[in-house]
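Colleague: Provided herewith is a single structure, encoded as structure tokens, for subsequent inquiry.
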Amino acid sequence: MKKINILTSMVFIILSIFIFIESSKFEQTMISDNFVGAAFFPRVMAFIMMILAAILLVATILNKNNRNKSTKEIFNKDMLIPVICIGIILIYILLLDILGFIISTICLNFALLICFRVKNEIALFTVPLLTSIIIYFVFKEMLMVPLPQGIFSL
């Protein structure tokens, strides 16, 4: 477990640095304040993620009572749904530019609801549709953040 915690914390520290650097390339939107812009929220999240990863790293190194768990104990059947959800999100990221924000986000929300075994048919169809349209409206129209148009960019 100690090796996994160290590896995980290092991966998240590197990911935080990557997000911080990439967010500096975001264009300023119509918000006139130089402090709050498109890069503000990703940088705050990256900073928080880096702090939490550093805490995990220090706690793991200082903890002498870590017993080594086998990979069978760590990767059991309870981890199947989170791993599937990560795969769904990775597919969403790959399809975002191709299909566009609205279609990809509807598919993502639908797939996640299926993954979490939601049985209500009304919720299965209305939640993905409504959340995608609301998020699109807030980011595209109100905050003027450019979102991928995908197949609608003809």
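Colleague: Hey, can you grab everything whose amide H is under 5 Å from the amide H of Gly100? Only 5+ residues off in sequence or another chain; H modelled, so Pro and N-termini drop out.
Modeller: Under 5 Å from the amide H of Gly100 lie the amide H atoms of Gly150, Ile151, each far enough along the sequence or on another chain.
Colleague: Give the long-range amide H neighbours of Val145: residues separated by 5 or more places, or on another chain, with amide H under 5 Å away, using H modelled in the peptide plane at 1.01 Å from N.
Modeller: When sequence neighbours closer than 5 places are left aside, the close amide H contacts are Lys140.
Colleague: So, one more: Of the cross-linked pairs Lys77/Lys119; Lys119/Lys140; Lys2/Lys25, which ones have a Cα-Cα span greater than 29 Å in the structure shown?
Modeller: Long pairs (Cα-Cα over 29 Å): Lys119/Lys140; Lys2/Lys25.
No value in this document is a laboratory result; all are computed from the given coordinates. None of these values were measured; they are calculated from a predicted model.
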